[in-house]
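**Student:** Sharing a structure, written as structure tokens. Questions coming.
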Amino acid sequence: MTKPTDDAAIRKEAEKALKKKSEFKQFLVIYAVVSLVTVGIWFFVTPGGYFWPGWVIFGMGIGALLSGLDAYGKLSAKPITDSDIDAEVERLKTKR
């Protein structure tokens, strides 16, 4: 009877991963809009001069990078499996 629990846990992990990917795509849209607005303000309101929107673009770019890595890359949380727990138990037993 552990199969439904495993399927439910896998389904929950899949939903979490899909939510992260969706939130990342939304962040990219917001990032693009904010970047365009700040560059527009810089260009039309303060013509030329120091390109201060670069700081906004850079800061949000770091957020986009980390969000993308969390959704698609190495920062994604891997669910803990029974084999992971067994391996840790064995490692702790050998330390004693």
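The values are calculated or read from the model by the stated rules, or taken from the named source; none is laboratory data. What you are looking at is a predicted structure, and each value in this text was computed from that prediction instead of being measured. Don't worry about glycine lacking a Cβ; one is built from the backbone with ideal geometry, like all the others, and counts go over all protein chains shown.
**Student:** Could you run through the range 36-86 and say how many residues are on the phi > 0 side of the Ramachandran plot and surrounded by 13 or more Cβ atoms within 10 Å (Cβ to Cβ)?
**Tutor:** Of the residues in that region, 0 qualify.
**Student:** On to the next question. Looking only at the range 1-38, which residues are β-branched (Val, Ile, Thr) and at pLDDT 95 or above?
**Tutor:** Those that are β-branched (Val, Ile, Thr) and at pLDDT 95 or above: VAL29, ILE30, VAL33, VAL34, VAL37, THR38.
**Student:** Now a separate question. Identify the residue in the range 53-84 that is assigned to a loop (DSSP other than H, G, I, E, B) and not β-branched (Val, Ile, Thr) and, among all such residues, is modelled with the highest pLDDT.
**Tutor:** GLY73
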